[in-house]
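*Asks:* Take a look at the following structure, please.
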Amino acid sequence: MIEIALIIGFACFSLALVLNLYRLAKGPGIADRVLALDTMVINGIAILILYGMWEGTAVYFEAALLFAMVGFISTVAYCKFILRGDIIE
């Protein structure tokens, strides 16, 4: 039963990644593109967690945590670049 739930989860989050990629490419504004990129990071974390459950190992959970930290820092840096024009003051 868990295998079916994992397959459905993979399908849903993969579809969400494709739709976020479309919004990233065709977004009307820069804020929409930043939001799409941040949502892609969240969906990537979900896929890593699902794959870790599929494989039954904790390595993917640690990778998801690192991916979350890097995604947060990159979103903050990109927003700061949009607002001020530079990242380092």
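Every read-out reported here was derived from the displayed coordinates using simple, explicitly stated rules and does not represent laboratory data. This structure is a prediction, so every number in the text was calculated from the model and none was measured. Heads up, the Cβs are rebuilt from the backbone with ideal geometry, glycines too, and the neighbour counts pull from every protein chain shown.
*Asks:* Do the conditions hold for G71, that is, is it surrounded by 15 or more Cβ atoms within 10 Å (Cβ to Cβ), farther than 20 Å from L6 by Cα, in contact with a Lys or Arg (Cβ under 7 Å, 6 or more places away or on another chain) and not hydrophobic (A, V, I, L, M, F, W, C)?
*Replies:* no
*Asks:* Something else now. Of the residues I82, I49, I42, I30, which is in contact (Cβ under 8 Å) with a residue 24 or more places away in the chain and surrounded by 13 or more Cβ atoms within 10 Å (Cβ to Cβ)?
*Replies:* When all the criteria are applied, what remains is I42.
*Asks:* Please verify whether the range 28-46 includes one or more residues that are touching a Gly at 6+ places or on another chain (Cβ under 7 Å) and within 17 Å of L6 (Cα to Cα).
*Replies:* No, there is no match, as no residue in the range 28-46 is touching a Gly at 6+ places or on another chain (Cβ under 7 Å) and within 17 Å of L6 (Cα to Cα).
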